[in-house]
Amino acid sequence: MMSRRVLGCLTGVAVVFCLAPGFAPAATVEGMLEEKALVNAYNPEVVDYLLEEGKAVLPDDQRQAALDQLVTALKQDIEITPEEQRAAALAAAGAGMAQLFGGSSGSEYGGVAQDATYQVWKGWVDSAFTLRRAGYTAESEAFFQKCVEIFPYSDLRGRCAIGLAMSNPNEAYQRLTALTEANDNETIKAVLPLLGELAGSEGFPADLRGTVITRLEEFTGGMKKATFGVAACRGLTATGDDRAVPTLQKLSKGMMNQDFYECSRTALLLTFDDRSVVPMLEKQLKGGTFSSTTPSERLFAASLLMRAGEPAGFAFAEAELTKKKKKGGLGKLMKSSSDEVDLRPALVTALVRAGGDEAKRVLRAAIAAVEKGTWLETWIAIGLLELGDTSQIALAKSA
């Protein structure tokens with residue numbers, strides 16, 4: 001949404017711009033375009049306006065001239081020089097070294113530096129997408145190609161691959177597929193999910209998507225499975241294509257596939273609405289003295305079942321949140337390792353994430369049963385408030 005300042009400056013048929021300090025508020029479009037006053041006054045709000053509401057206000061020639069001037073800086077911004085590439089890469093590497101070897105202060109410095117350098121690279125990507133929206137396809141495409149090859153952040157490379165696919169899906173596919181043959185395992189693990197995101201992007205050809213699925217499946221078997229299986233699973237999920245389901249089903253069961261349960265079962269249930277995993281998840285919920293299921297596995301199963309609206313997940317959460325604490329004596333001696341972990345705080349968070357009337361009902365039952373005056377009681381009250389239930393708002397306020 002545009003700011004009031006910009007809305008006040010862009011009004012009516014006689015559009016006026018006040019884009020930066022020093023601009024005369026009454027300056028007309030004609031005058032500003034003739035003076036090329038917008039060249040150094042990039043403002044994303046005004047670009048958005050010209051791409052949307054401004055279509056009905058300005059004549060096409062004036063609107064295009066204004067865009068040409070406004071995005072001049074953006075065009076320069078995405079022309080990353082080799083020196084800029086090296087400086088940003090060295091800063092990112094230096095931040096990583098500080099985190100590894102600098103102790104607590106170095107870790108803090110490293111986190112700040114990593115974030116700062118990431119924002120620089122992200123700004124270039126944002127600029128390229130803005131240019132593409134404004135119709136500057138050639139410039140943005142050249143940037144996206146460079147980004148996929150050299151950027152140090154895998155999520156930004158993924159955004160660039162999707163941007164490239166908007167105009168040239170074949171080129172994007174070839175570039176990302178080439179990276180799956182790299183000698184560096186970390187690069188391959190970063191690229192496989194991005195390849196899936198590319199295949200699942202709007203307008204990506206269905207036949208090429210099938211080729212991507214086949215390529216991803218190659219990393220879910222044999223010697224590659226242990227190293228790349230999870231990344232390939234994420235890629236298959238991102239395609240959103242039903243042709244990925246058989247492979248995900250294989251990864252969702254069997255003692256040799258436990259490392260892939262979380263990814264594959266989540267994908268099948270939430271992305272592909274495959275309810276065949278529900279009995280598997282219900283089995284995961286069972287703990288007890290002789291159970292080998294870990295607390296984290298039980299929490300995962302409950303959370304996933306609740307997100308899918310399955311009663312078993314809510315029943316588990318309610319039982320955990322309302323049960324009485326065990327006393328000492330024989331009961332304490334016979335506690336299993338899975339019972340020693342208090343799942344209640346995480347279950348409150350999972351209920352809030354799942355949302356809906358059933359989640360609120362379980363939280364109301366929990367707050368009635370939990371120890372009074374504890375932080376957990378407050379945590380449940382805040383959870384109810386997040387879901388729109390104000391019955392415990394006084395407790396949340398007092399906290």
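Please verify whether Gln145 is part of a helix (DSSP H, G or I) and touching a Lys or Arg at 6+ places or on another chain (Cβ under 9 Å), treating the condition exactly as stated. Yes; evaluated as a whole, the condition is true for this residue.
Of all the criteria given as (1) surrounded by fewer than 17 Cβ atoms within 10 Å (Cβ to Cβ); (2) at pLDDT 80 or above; (3) in contact with a helix residue (DSSP H, G or I) (Cβ under 7 Å, 6 or more places away or on another chain), the one not satisfied by Cys160 is (1). Which pairs turn up if I take residues in region 201-220 that are more than 12 Å from Thr180 (Cα to Cα) and look for partners that are in a helix (DSSP H, G or I) and among the β-branched types (Val, Ile, Thr) with beta carbon separation below 7 Å, at least 6 apart in sequence or on another chain? If the second residue must be in a helix (DSSP H, G or I) and among the β-branched types (Val, Ile, Thr), the pairs left are Ser201/Ile162; Arg209/Thr239; Ile213/Thr239; Glu217/Thr247; Thr220/Thr247.
The single condition from (1) open to solvent by less than 20 Å² (accessible area, probe 1.4 Å); (2) modelled with pLDDT under 95; (3) small (Gly, Ala, Ser) that Gly328 fails is (1).
Within region 332-341, is even one residue farther than 14 Å from Glu358 by Cα, out of contact with any strand residue (DSSP E or B) (no Cβ under 7 Å at 6 or more places or on another chain) and at pLDDT 95 or above? No, region 332-341 contains no residue that is farther than 14 Å from Glu358 by Cα, out of contact with any strand residue (DSSP E or B) (no Cβ under 7 Å at 6 or more places or on another chain) and at pLDDT 95 or above. Among the residues making up region 280-295, those that are closer than 19 Å to Pro311 by Cβ and at pLDDT 80 or above are Met280, Leu281, Glu282, Lys283, Gln284, Leu285, Lys286.
The values are calculated or read from the model by the stated rules, or taken from the named source; none is laboratory data. Nothing here was measured: the structure is a model prediction, and the numbers come from that model. Note: ideal-geometry Cβ built from the backbone for every residue, glycine included; neighbour counts use all protein chains shown. Accessible surface is based on the protein model in full, side chains and every heavy atom, while ligands, DNA and RNA are left aside. Shrake-Rupley method; radii C 1.70, N 1.55, O 1.52, S 1.80 Å.
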